[in-house]
């Protein structure tokens, strides 16, 4: 398998964490994602993945998989141990709901292609920064509420790290980089503190732009 | 089971289509989603679901499930026939990738809470309308490219409707309502035309605001 990724991408971080939790060692290639849309992609990568987005995973059979959550479900089905989803149906739905509350309700509003488009339609740079902080705040408040509804163990769902934690960790790192202290969401802060004890997480978070 | 939904919500439409494909008849309650965030939610619904978002599914065991894709995966695991995902692992990943290319890359940029926030930070109404059309156009172009990479059957993935089609159909209806003709994406137009022959789809699309 080969992972196309970028160190600063939260979505790529999710797949890196999943691979590390599974103990899978794969070939990696770093793709630039700065700037709007695909403008910084090399022609070679656009041949591999015309959308230009990361992450993408090339399977051993030569099939290119895209979308971090689809890749994580694939890895979990193909390499079942350790599982990235709980066993009970309602718990699986809850883990996926937390994951999607981040991957579908927060992250899509934040990537460079979106903030670049806001600038292009005349939104000032202070308002663009506020935009990101606004959606992180709204979204993590919703996640905090979700955790309060059902969280019982060490992590987001029970005592093993799941896809919920895999999405939460990079988003929490990103929130702190946007000067939002996790302490305002005590359940999130507590789960993230425990995830910071796990090498698969701390070694594979999103890396800030330099 | 009881579904909390709104007729105009694409995300609720996905769950309605999934329930119809499974032949499941559930109790339903319509929740208003007009306006920003949760402002139009009744206190009764905020008791049920503090986030105020739709859809939400209350299981027979009294567990409230949120996030349309998490609910659809739950329905598919609990009521396996007919399946909403293909059998082969790569095909399952592809179906989920198409679903997420819509549910995570297009739809999150379009809901009322986002367009209301754009207005609140001073973006004019013409630019807000262009915003929606821009992301639908970018996103469906990506989906068209995805389908070109792997689509082989009648629908998005093979010859049975999957979660990919369940996400594509409401988004296609929404694109047409934004005056974007599907003909510019021939593979999407062809799949959607076939989905329009299936009652589970045509009876459960998002209904326009009146």
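Before moving on, here are some points about what is shown:
- Mean Cβ neighbour count within 10 Å, used as a protection proxy, ranking A:124-131, A:159-166 highest first: A:159-166, A:124-131
- Stretched out straight at 0.36 nm per residue, the stretch from residue B:141 to residue B:187 would grow longer than its current Cα-Cα span by 15.5 nm.
- Summarising the overall dimensions of the protein assembly as shown from its C-alpha atoms, the Rg and Dmax are 19.8, 54 angstrom.
- Mean ellipticity per residue at 222 nm, deg cm²/dmol - from DSSP H runs of n ≥ 4 across the protein assembly as shown, formula -39500 (n - 2.57): -16000 deg cm²/dmol
- With a 10 Å cut-off around each Cβ of A:42-50, the average count of Cβ atoms from other chains is 1.
- Pseudo-label separations to other copies for residue B:32 - Cα-to-Cβ vector, 7 Å, nm: 5.0
- The gain in end-to-end length when the residue B:179 to residue B:152 segment is fully stretched comes to 6.9 nm, 0.36 nm per residue minus the alpha carbon separation.
- Spatial separation of Cα centroids for region B:40-92 and region A:146-191, in angstrom: 21
- Across all directions, the shadow cast by the convex hull of chain B built on its C-alpha atoms averages 11.6 square nanometres.
- Average beta carbon contacts from partner chains per residue of A:87-98, 10 Å cutoff: 6
- Residue-normalised convex hull volume from the C-alpha trace of region A:66-113: 75 Å³ per residue.
- Shielding of peptide B:70-81 by partners, expressed as the average count of other chain Cβ atoms within 10 Å per residue Cβ, is 3.
- Counting DSSP beta bridges with both ends in the protein assembly as shown, the antiparallel % (nearest 5): 60
- Set the Cα radius of gyration of region A:1-113 against 2.2 N^0.38 Å, with N its number of residues, and you get 1.09.
- log10 of Debye I(q)/I(0), alpha-carbon scatterers only, for region A:113-182 at 0.16, 0.21 Å⁻¹: -0.65, -0.91
- Peptides A:1-8, A:95-102 ranked from most to least packed, by the mean per-residue count of other Cβ atoms within 10 Å: A:95-102, A:1-8.
- Calculated label separations, residue A:134, copies of the chain, 7 Å along the beta-carbon direction, nm: 1.5
- For residue A:81, the label point sits 7 Å beyond Cα toward Cβ; its separations from the matching points on the remaining copies run 3.3 nm, from shortest to longest.
Rule-based calculations on the coordinates, nothing more; no lab input. In this text the structure is predicted, and so the values were computed from the model without any measurement. We place every Cβ from the backbone using ideal geometry, glycine too, and count neighbours over all the protein chains shown.
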